[in-house]
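Below is one structure, written out as structure tokens; comments come after it.
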There are 2 protein chains.
Amino acid sequence: MANSSFRFTVLHADSQGRARRSAFATPHGIVDMPAFMPVATQGTVKGVDARSLRGTGTQMVLANAYHLAFRPGEDVVAAVGGLHRFMGWDGPILTDSGGFQIFSLAERTRITEDHAVFRSHIDGREVAISPERAVAIQESLGSDVAMVLDHVVALPNEPGLVREAAERSVRWARRGRDAARRADQALFGIVQGGLDAALRQWCAEQLTRLDLDGYAVGGLSVGEPPADMYRTLDATVPALPADRPRYLMGVGRPEDLLEAVHRGIDLFDCVMPTRNGRNALAFTGEGPLRLRNLKFERDARPLEAGCPCPACRHSRAYLRHLFLAREMLGPILLSLHNVTYYQRLLAAARQALAEDRFGLFRQETIAGWTAAAAEPR
Amino acid sequence: MANSSFRFTVLHADSQGRARRSAFATPHGIVDMPAFMPVATQGTVKGVDARSLRGTGTQMVLANAYHLAFRPGEDVVAAVGGLHRFMGWDGPILTDSGGFQIFSLAERTRITEDHAVFRSHIDGREVAISPERAVAIQESLGSDVAMVLDHVVALPNEPGLVREAAERSVRWARRGRDAARRADQALFGIVQGGLDAALRQWCAEQLTRLDLDGYAVGGLSVGEPPADMYRTLDATVPALPADRPRYLMGVGRPEDLLEAVHRGIDLFDCVMPTRNGRNALAFTGEGPLRLRNLKFERDARPLEAGCPCPACRHSRAYLRHLFLAREMLGPILLSLHNVTYYQRLLAAARQALAEDRFGLFRQETIAGWTAAAAEPR
């Protein structure tokens, strides 16, 4: 591995697919993979304190360098001791670079070969972020894993634009790598290329030559059908080195996680457990529960029997009441439950991998969600 | 005491005032008094889970029968096992009756001798709450302490109206007492009478004859100057029986608590620690901190050295960032800090009382807040 402060170890490779059980050692601890990172865009998983987050089984979190650079500023974070101390999270942190914001804030963004220019969503001032600057921001923040700046485009899109963005992402990855200085920070590349299998493969091969510490698949889960995403993973993952972690950015639904693990992905992040939790949707082994539903009015059961999360010390009736009464505690508790659900799902997947029964686990788990969904609820 | 499931014991009476260190035994545990109850109007202290609430040092909480009767309905609460199980709080709970809403929701309320009629703030339907119905609701909820329905009016007000409301409150208290059936629920009376010392004394004497389990001073902290409140306590408390807990409703600022303890009050509730916490104001031994202030931008210190609360595991800089970024975690953490601050203040007051140095404690604590406020901050 390029950076000796990190070590990625494949503990078991699945006999029926590309899935693997692995461990990623970082300066702030070991991450058991496949792993899910809750999203702490602005330095907090929304509604969840760092200590409660630890209780969900989370080992690593994602924060966003773009957002933190705008507010409070990476210099402020550095002045009070870096991102770990700032957030009160002593485990590994991965920071995204701002590439995703080129897509999500497209109407506020201009791209040149040198850099992206963002018009601040806070005060309107324009800020240029180059590949070098993206690395410098993340070095100031002091995350364990930095992401190169990439050029993310919407899908579907004009083939020429998708190609141009993928080629630029490769050039920017090289510039980011050449700018990186911190020995205690890993740098991951990001494969772009839309739904074009050949372009994805080319991009993966180009990035592999840069000998980065890990590789992400980016630019997916931007509205395309799941089947397109799975097909793109089938084309991309084999072109990535087996001895580096593989990270699927911004994904996704529970079934997406299992399908992507099957296709060789080791790491995920997604706002879904927290965002859906804030909107009264709880993930369970029998599929999602929509807590506002009248049928939960007098339901004394927890969301899920056996779940150790703080929400499951309460009844569904109470959780429903909190949402109808617009009490903050509803979003707080359902966010905790959903993150716990994702972490328990990944822990069960790791266990199944260690016992070489992941294929069956994946089928049965997905069938459990689907069977319940087919019943009248 | 009228109800044998409860026991109020004065452990020490202050030699320099009416303050006392006492203990109130309820079916759900003992409350060390003087005590502060955080407010869980709709069955949750806003943003704070029951387990975290226990960590603040809280022994007893207040919920609101009026609000819970409208949503989710006291029958729903009863159906899932009563208010303790509903909230996930196994300590004592006091419920207010709805009398305060006659004042706070005055434009939605009509009063007759028989009952108050409320037009629902949720769906506009009209609901009559009589003194008997107020007790029945609280018996369905299953709180440890129920409050009689009282008639609260704004201050200042026409003397005739203040007198009429106080007299009605006495008649309603008798009807509430005669309706009460639960052996495991105490019933407290509420002294009304505005700022009229003679009327307060009359009301206290009338209620004392009803042999209730405790006595509240109500209708204060509705906008009158603190000196008027203290004067009213000086007139009222001596007319209440020494062997029952005395509860000052809806109060208040830290200095109000110490002044009222000095005047013989044993129990308080107030939204101030949580409401101010949601608005980025933190209580400390050196007076309040307004976290949005620029001077905290790079302040690596906790809100208060030695405070064991979850907020004080973070820097002021981080807490400020959470508020500027409009993150839920800001209100959550400051609510926890402020409730912890109030509980530590009351614990220190109890300790000072036990050591018969409450007078000095009160002076020095208030001086600490004032001295810091006089300095440039």
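Couple of notes before you dig in:
- Per-region count, the range A:272-298, residues in contact with a Gly (Cβ under 9 Å, 6 or more places away or on another chain), modelled with pLDDT of 95 or more and more than 14 Å from chain B (Cβ to nearest Cβ): 3
- Hits in the range A:2-31 - residues which are among the polar types (S, T, N, Q) and under 18 Å from A:ALA260 (Cα atoms): A:SER15, A:GLN16, A:SER22
- Considering A:THR26, A:THR56, the condition of being away from every other protein chain (no Cβ under 12 Å), surrounded by 22 or more Cβ atoms within 10 Å (Cβ to Cβ), out of contact with any strand residue (DSSP E or B) (no Cβ under 8 Å at 6 or more places or on another chain) and modelled with pLDDT of 95 or more is satisfied by A:THR56 alone.
- Note on the range A:59-68: residues that are within 11 Å of chain B (Cβ to nearest Cβ) and surrounded by 24 or more Cβ atoms within 10 Å (Cβ to Cβ) total 1.
- Within the range B:224-243, being among the acidic types (Asp, Glu) and surrounded by fewer than 16 Cβ atoms within 10 Å (Cβ to Cβ) holds for B:ASP228, B:ASP234, B:ASP243.
- Count - residues of the range B:166-189 that are within 18 Å of B:ALA106 (Cβ to Cβ) and crowded, with 23+ Cβ neighbours inside 10 Å: 3
- Within the range B:190-208, the set of residues being surrounded by fewer than 17 Cβ atoms within 10 Å (Cβ to Cβ) and in contact with a Phe, Trp or Tyr (Cβ under 8 Å, 6 or more places away or on another chain) comprises just one member, B:THR208.
- Failed criterion for B:LEU336 (all others in (1) touching a Pro at 6+ places or on another chain (Cβ under 7 Å); (2) surrounded by fewer than 24 Cβ atoms within 10 Å (Cβ to Cβ); (3) within 23 Å of A:ILE332 (Cα to Cα); (4) touching a residue at least 40 places away in the same chain (Cβ under 8 Å) hold): (2)
- Per this entry, A:SER221 is not counted among residues that are touching a strand residue (DSSP E or B) at 6+ places or on another chain (Cβ under 9 Å), buried (at least 24 other Cβ atoms within 10 Å of the Cβ) and of a type in the set (S, T, N, Q).
- Members of the range B:1-39 found to be at positive phi and basic (Lys, Arg), listed by number: none
- Test result for B:GLY359, at pLDDT 95 or above and not assigned by TED's automatic domain parsing to the domain that holds B:VAL251: yes
Rundown of residues vs (1) away from chain B (no Cβ under 14 Å); (2) not hydrophobic (A, V, I, L, M, F, W, C), yes/no style:
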position: A:ARG85; (1), (2): no, yes
position: A:GLY91; (1), (2): yes, yes
position: A:ASP96; (1), (2): yes, yes
position: A:GLY99; (1), (2): yes, yes
position: A:THR112; (1), (2): yes, yes
position: A:ARG119; (1), (2): yes, yes
position: A:VAL127; (1), (2): yes, no
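- Scan of the range B:40-52 for residues that are crowded, with 23+ Cβ neighbours inside 10 Å and either part of a loop (DSSP other than H, G, I, E, B) or more than 10 Å from every other protein chain (Cβ to nearest Cβ) (or both), ordered by number: B:GLY43, B:THR44, B:VAL45, B:GLY47, B:VAL48, B:ASP49
- Of all residues in the range A:114-150 being in a loop (DSSP other than H, G, I, E, B) and aliphatic (A, V, I, L, M), the one that is surrounded by the fewest Cβ atoms within 10 Å (Cβ to Cβ): A:ILE122
- Check on B:ALA317, out of contact with any Ser or Thr (no Cβ under 6 Å at 6 or more places or on another chain), at pLDDT 95 or above and within 26 Å of B:GLY99 (Cβ to Cβ): no
- A:LEU155 meets the conditions (1) in a loop (DSSP other than H, G, I, E, B); (2) modelled with pLDDT under 90; (3) more than 14 Å from chain B (Cβ to nearest Cβ) in every case but one. The failed one is (2).
- Among the residues listed as B:ARG326, B:ARG357, the single one being free of Cβ contacts under 8 Å to residues at least 60 places away in the same chain, away from chain A (no Cβ under 14 Å) and out of contact with any strand residue (DSSP E or B) (no Cβ under 6 Å at 6 or more places or on another chain): B:ARG357
- Candidates A:ASP96, A:ASP150 - the one that is in contact (Cβ under 8 Å) with a residue 60 or more places away in the chain, acidic (Asp, Glu) and closer than 16 Å to A:ARG174 by Cα: A:ASP150
- Single unsatisfied condition, A:PHE36 versus (1) within 12 Å of chain B (Cβ to nearest Cβ); (2) in contact with a helix residue (DSSP H, G or I) (Cβ under 8 Å, 6 or more places away or on another chain); (3) touching a residue at least 24 places away in the same chain (Cβ under 8 Å): (1)
- For the range A:300-322, the count of residues that are aliphatic (A, V, I, L, M), away from every other protein chain (no Cβ under 11 Å), assigned to a helix (DSSP H, G or I) and out of contact with any strand residue (DSSP E or B) (no Cβ under 6 Å at 6 or more places or on another chain) is zero.
- Top-ranked residue of the range A:69-83 - restricted to ones that are part of a helix (DSSP H, G or I) and out of contact with any helix residue (DSSP H, G or I) (no Cβ under 7 Å at 6 or more places or on another chain), ranked as nearest to the other protein chains (Cβ to nearest Cβ): A:ALA79
- Among the residues making up the range B:78-111, those that are under 24 Å from B:GLY189 (Cβ atoms), among the β-branched types (Val, Ile, Thr) and at pLDDT 95 or above are B:ILE93, B:THR95.
- Residue among A:GLY160, A:GLY189 that is modelled with pLDDT of 95 or more, closer than 29 Å to A:PRO226 by Cβ and in contact with a Leu (Cβ under 6 Å, 6 or more places away or on another chain): A:GLY189
- Options A:ASP196, A:ASP228, A:ASP234; residue that is touching a Leu at 6+ places or on another chain (Cβ under 6 Å), touching a residue at least 24 places away in the same chain (Cβ under 8 Å) and either more than 18 Å from A:ARG174 (Cβ to Cβ) or among the basic types (Lys, Arg) (or both): A:ASP228
The values are calculated or read from the model by the stated rules, or taken from the named source; none is laboratory data. Keep in mind the model is a prediction, meaning the values are calculated, not measured. Glycine also receives a Cβ, built like all others from the backbone with ideal geometry; neighbour counts cover every protein chain displayed.
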